[in-house]
Amino acid sequence: MSTRIGTAIRLTPRVGVVMTLSAFLGLVAFFWPFVVAPGKFGSSYAPPLIFGVLLVLVLCVVLSEIAEGGIDSKALAMLGVLSAVNAALRPLGAGTAGVETVFFVLVLAGRVYGPGFGFVLGCTSLFASALITGGVGPWMPYQMFGCAFVGMLAGFLPRASGRREVLMLAGYGSLSGYLFGFLLNLSFWPFSLDPNSSIAYLPGLPFTEQWHRYIAFDLATSLGWDTGRAVTNFVCVLLAGPAVLATFRRAARKARFRAPVRFAAPRTAESEPH
């Protein structure tokens, strides 16, 4: 049984190049503490703000390129529904022992509807939930970018079916929970601790020592929270995955995303029956 029904949003070669470049810029934005020292732009808080604005611009470029490639009304409707569902689900878990109820929908939707749809859904879900919960701030572009790539990478996972597919998606969901927290911590690590702490960011240190400090910081301050997110993703995909995947695939078959339109030749008087 095939696990791929057809992507809801087609990724053209041009969009693929743009998304590859955006991934590179995104990694630079997340790893800015290893690239730019705080205060180099006149303010200690300037780098994350500058890179946050850069991420917004990059996301706008990617979304415009995807839109130019064509998003039909059925894919747009599905995107709106799932964005609203994710925005409603997120407040149910965010802030409670690391439980995040938004990621498993991203993983399953990216798997069924393709990497382009997963990328856009990650952006729109976090943007909508931020507006609902009042979570708009300099951290929002980083969250949108992180979730966008969680959904996109789910669409690139290898083919599988049945129980094996569910286990693969559950494992990916768990791993993405850790990676999301690892990346997001980079955006505020330089400002979160006393500079005299052994795990605090210290400008001018060699990369290896700086990296060891960050790993220690991530393990000491975020491991429990990220574990809660990873476990939530694993359990939600494992329990709800089969039913949600079947529902998404049924909807995709009925919607027939990007189905070719054919026009029948007009009937002439000679061809009409007498």
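The values are calculated or read from the model by the stated rules, or taken from the named source; none is laboratory data. From a predicted model like this one, the values you see are computed outputs, not experimental measurements. Here the Cβ is made from the backbone with ideal geometry for all residues, glycine too, and neighbour counts use every protein chain on show. We work out accessible area using only protein heavy atoms, side chains counted, and drop any ligands, DNA or RNA first. Shrake-Rupley method; radii C 1.70, N 1.55, O 1.52, S 1.80 Å.
Assorted remarks:
This table checks each residue for (1) open to solvent by 40 Å² or more (accessible area, probe 1.4 Å); (2) farther than 20 Å from GLY26 by Cα; (3) not hydroxyl-bearing (Ser, Thr, Tyr).
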{"site": "VAL166", "(1), (2), (3)": "no, yes, yes"}
{"site": "LEU169", "(1), (2), (3)": "no, yes, yes"}
{"site": "TYR172", "(1), (2), (3)": "no, yes, no"}
{"site": "LEU179", "(1), (2), (3)": "yes, no, yes"}
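- Of all residue pairs spaced 6 or more apart or on separate chains, those with beta-carbon atoms under 9 Å, a first member in the stretch 228-253 that is under 12 Å from PHE103 (Cα atoms) and a second member that is surrounded by fewer than 19 Cβ atoms within 10 Å (Cβ to Cβ) and of a type in the set (Phe, Trp, Tyr) are ARG229/TYR178; ALA230/TYR178.
- Residue selected from the stretch 103-119 under the condition over 17 Å from ASN233 (Cβ atoms) and open to solvent by less than 10 Å² (accessible area, probe 1.4 Å), by the criterion nearest to the chain's Cα centre (by Cα): PHE119
- Matching residues, the stretch 191-210, being among the small types (Gly, Ala, Ser), open to solvent by less than 60 Å² (accessible area, probe 1.4 Å) and more than 15 Å from TRP32 (Cβ to Cβ): SER197, ALA200
- Apart from one condition, VAL81 fits all of (1) at pLDDT below 75; (2) surrounded by fewer than 13 Cβ atoms within 10 Å (Cβ to Cβ); (3) under 30 Å from ARG163 (Cβ atoms); the exception is (1).
- The stretch 63-74 - residue that is touching a Leu at 6+ places or on another chain (Cβ under 9 Å) and in a helix (DSSP H, G or I) and, of those, modelled with the lowest pLDDT: GLY69
- Residue count for the stretch 7-34, restricted to those that are under 14 Å from PRO115 (Cβ atoms), open to solvent by less than 90 Å² (accessible area, probe 1.4 Å) and touching a residue at least 12 places away in the same chain (Cβ under 8 Å): 10.
- Among all positions in the stretch 126-137, there is at least one residue which is modelled with pLDDT under 75, more than 24 Å from VAL235 (Cβ to Cβ) and open to solvent by 30 Å² or more (accessible area, probe 1.4 Å).
- Selection from the stretch 166-177 of residues that are modelled with pLDDT under 95 and either touching a Lys or Arg at 6+ places or on another chain (Cβ under 8 Å) or of a type in the set (Lys, Arg) (or both): GLY177
- Among (1) surrounded by 18 or more Cβ atoms within 10 Å (Cβ to Cβ); (2) touching a residue at least 60 places away in the same chain (Cβ under 8 Å); (3) out of contact with any helix residue (DSSP H, G or I) (no Cβ under 8 Å at 6 or more places or on another chain), the one test that ARG213 misses: (2)
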